[in-house]
Amino acid sequence: LKIIFDETDEITLEGFMRFRMKDYLSDWRDILTASINHYLMEQEYKEFIKVLKYFVEIRKPKINTIHITIGNDGKFIILDDFLKVVHDDALVYNSKESDLALTNEDVLLSMLVSIAPNKIIVHNADKIEDKLLIDTIKRIFIDKVKFSNDII
């Protein structure tokens, strides 16, 4: 920059930006693109939560209380009011035939939305690695979610 001002008192900002700051402009463009993508994903996530909340609100609960715990194998165990395992055969059947690769978290969320319980008790939430899942459940079911450290 000193060399430029030694030769002339003027600077062409466009030329300086294009040739001397090319790497910075590329980095800024990448950061801006990443920021826009993050914003759009955040908006899609909010819309997704809104739709699921509405769906849960209009559904009649199939089970009053759902208990969620995590097994030694890392899979979720879903129990009803009487602490009996809840199976959603239709959901499991559809996930096997589907081309989509459903994760344990996807299946859990689908079951919760399908059952639309009045109360969800998450046992030992600290053992659940996916903190976004817990946040998503709290956003969808709002005040219906409780946490417990009791082992069941």
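Just so it is clear, none of the values below were taken in a lab; they were calculated from the coordinates. This is a predicted model, so every value here is computed, not measured. Glycine gets a Cβ as well: all are built from the backbone with ideal geometry, and neighbour counts include every protein chain shown.
The 3J(HN,Hα) values that the Karplus relation (6.51, -1.76, 1.60; θ = phi - 60°) gives for segment 55-66 are, in residue order, 4, 5, 5, 8, 7, 7, x, 7, 9, 5, 10, 10 Hz. Gly and Pro appear as x. Checked against a 22 Å cut-off, the cross-linked pairs Lys53/Lys84; Lys84/Lys131; Lys50/Lys144; Lys62/Lys131; Lys60/Lys144; Lys62/Lys127 give Cα-Cα distances beyond that limit for Lys53/Lys84; Lys84/Lys131; Lys62/Lys131; Lys62/Lys127. Amide H contacts of Val86: Ile78, Leu79, Asp80, each under 5 Å away and 5 or more positions distant or on a separate chain (H built 1.01 Å from N in the peptide plane; Pro and chain starts excluded).
Each peptide in 62-75, 105-118 was scored by the mean count of other Cβ atoms within 10 Å over its residues; highest first, the order is 105-118, 62-75. In order along segment 136-141, the Karplus-derived 3J(HN,Hα) couplings, from 6.51 cos²θ - 1.76 cosθ + 1.60 at θ = phi - 60°, round to 5, 4, 5, 5, 6, 9 Hz, and Gly and Pro are given as x.
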